[in-house]
Amino acid sequence: MISTVGVLGRSRALRQAAVMQLCAFAAFNSVWTVMVLHLTSPTWGWSTAAASLFGLVGLSAGVVAPLTAGVVSRLSPVVVMAAALAAMVAATAALLVDSASWGLVVSVFVLTAANQTLQASNQHRVLDAERLRPGQANTMFMVFVFIGGSLGAALGAVAFAHAGMPAVAVAGLTLLAVSIAAWVLTARDSRTTQRHTQRHGATAA
């Protein structure tokens, strides 16, 4: 257990991925946690049974996950992360204006698919950086993901009680701002690594 936790202290890539995904998953879960409350509110007026069927939107977004692995393999994980974060920001921002319309379906679908894509990209980078300790690194990464889920559930409930779905969207955008900051550090480190690799390659040649 101590050695598993120690991986977090030794691996900069793991720390960046953990923070990025914690905040992104918190933003994602803050929306899903209050979705039934939102759909059964006077804004929509659905029954609890009907609102529960909205989960099919998340299920349909799940088809994106198997496709993500191939995309991450062909492209740089950092590039895929950027696209996923941009999609999450756009979908969350849209909730400020479309939470009372059917555009909500599109926003939640994009948010779900982008979160899954971001997680796959982060895991790819973590496992690539920690090839000698993949199991331990992934364990710590998932610990942070679960913390993010719990944080998002709590923040979503508080924000929704305060001012409905727009407040949840603001909370989500704040969390995503932290994810973007972690991505900036990740992108900087990736460029530094590439430069070192190119220099060593040139020297060897």
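The values are calculated or read from the model by the stated rules, or taken from the named source; none is laboratory data. Small disclaimer: the values here were computed from a predicted structure and weren't measured. Note that each Cβ is placed from the backbone with ideal geometry, even for glycine, and that neighbours are counted across all protein chains shown. Heads up: the accessible areas ignore ligands, DNA and RNA and are worked out on the full protein's heavy atoms, side chains in. Shrake-Rupley method; radii C 1.70, N 1.55, O 1.52, S 1.80 Å.
Of everything in region 103-114 that's among the aliphatic types (A, V, I, L, M) and open to solvent by 20 Å² or more (accessible area, probe 1.4 Å), which residue is farthest from Val80 (Cα to Cα)? Spell out how you get there, then give the answer.
Step one: of region 103-114, the residues among the aliphatic types (A, V, I, L, M) are 104-106, 108, 110-111, 113-114.
Now drop any that are not open to solvent by 20 Å² or more (accessible area, probe 1.4 Å), which leaves 105-106, 110.
On the way: Val105: 23, Val106: 20, Val110: 14 Å.
Within region 103-114, the match that is farthest from Val80 (Cα to Cα) is Val105.
Test of understanding: among Ala94, Ala100, Ala84, which residue is assigned to a helix (DSSP H, G or I) and either farther than 19 Å from Thr174 by Cα or open to solvent by 10 Å² or more (accessible area, probe 1.4 Å) (or both)? Break it down into steps so the answer makes sense when it comes.
Details: Ala100 fails: assigned to a helix (DSSP H, G or I); Ala84 fails: either farther than 19 Å from Thr174 by Cα or open to solvent by 10 Å² or more (accessible area, probe 1.4 Å) (or both).
Exactly one of Ala94, Ala100, Ala84 is assigned to a helix (DSSP H, G or I) and either farther than 19 Å from Thr174 by Cα or open to solvent by 10 Å² or more (accessible area, probe 1.4 Å) (or both), namely Ala94.
Identify the single condition in (1) open to solvent by 40 Å² or more (accessible area, probe 1.4 Å); (2) without any contact (Cβ under 8 Å) to a residue 24 or more places away in the chain; (3) farther than 18 Å from Ala82 by Cα that Leu151 does not satisfy, given that it satisfies every other one.
(2)
Each row is one residue, and each column tells you yes or no for (1) crowded, with 16+ Cβ neighbours inside 10 Å; (2) free of Cβ contacts under 8 Å to residues at least 12 places away in the same chain; (3) within 16 Å of Ala181 (Cα to Cα).
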position: Phe28; (1), (2), (3): yes, no, no
position: Val31; (1), (2), (3): yes, no, no
position: His38; (1), (2), (3): yes, no, no
position: Thr48; (1), (2), (3): no, no, no
position: Leu53; (1), (2), (3): no, yes, no
position: Val89; (1), (2), (3): yes, no, yes
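Would you list the helices (runs of 4 or more DSSP H) that sit entirely within region 1-70 and hold 2 or more residues that are within 17 Å of Ala153 (Cβ to Cβ) and modelled with pLDDT of 95 or more?
Values: elements: 2-10, 12-33, 35-39, 48-52, 55-61.
Counting at least 2 such residues, we get 12-33, 35-39.
Can you pull out the residues in region 115-130 that are open to solvent by 10 Å² or more (accessible area, probe 1.4 Å) and of a type in the set (A, V, I, L, M)? Steps first, answer last, please.
First, the residues of region 115-130 that are open to solvent by 10 Å² or more (accessible area, probe 1.4 Å): 116-117, 119-120, 123-125, 127-130.
Of everything in region 115-130, those that are open to solvent by 10 Å² or more (accessible area, probe 1.4 Å) and of a type in the set (A, V, I, L, M) turn out to be Ala120, Leu127, Ala129.
When both residues are 6+ apart or on different chains and their Cβ atoms are under 9 Å apart, which pairs have a first residue that lies in region 180-191 and is more than 21 Å from Val89 (Cα to Cα) and open to solvent by 60 Å² or more (accessible area, probe 1.4 Å), and a second that is aliphatic (A, V, I, L, M) and part of a helix (DSSP H, G or I)?
Filtered contacts from region 180-191: Arg191/Val78.
Might you let me know whether region 133-149 holds any residue that is over 17 Å from the mean Cα position of the chain (by Cα) and either farther than 17 Å from Ala17 by Cβ or not in a helix (DSSP H, G or I) (or both)?
Taking every residue of region 133-149 in turn, at least one turns out to be over 17 Å from the mean Cα position of the chain (by Cα) and either farther than 17 Å from Ala17 by Cβ or not in a helix (DSSP H, G or I) (or both).
Pull out all pairs, ordered by first then second residue, where Cβ-Cβ is under 9 Å, the residues are six or more apart or on different chains, the first lies in region 115-132 and is part of a loop (DSSP other than H, G, I, E, B), and the second is hydroxyl-bearing (Ser, Thr, Tyr) and open to solvent by less than 40 Å² (accessible area, probe 1.4 Å).
Glu130/Ser11
Of the residues Ala187, Ala181, Ala177, only one is over 28 Å from Leu39 (Cα atoms), modelled with pLDDT of 95 or more, under 14 Å from the mean Cα position of the chain (by Cα) and among the small types (Gly, Ala, Ser); which?
Working: Ala187 fails: under 14 Å from the mean Cα position of the chain (by Cα); Ala177 fails: over 28 Å from Leu39 (Cα atoms).
Result: Ala181 is the single residue among Ala187, Ala181, Ala177 that is over 28 Å from Leu39 (Cα atoms), modelled with pLDDT of 95 or more, under 14 Å from the mean Cα position of the chain (by Cα) and among the small types (Gly, Ala, Ser).
Among the residues of region 4-20, what is the count of those that are more than 16 Å from Thr174 (Cβ to Cβ) and in contact (Cβ under 8 Å) with a residue 12 or more places away in the chain?
Our first condition is that a residue be more than 16 Å from Thr174 (Cβ to Cβ); within region 4-20, this holds for 4-18.
Checking which are in contact (Cβ under 8 Å) with a residue 12 or more places away in the chain leaves us with 4-5, 7-8, 11-14, 16-18.
Residues that pass the stated criteria total 11.
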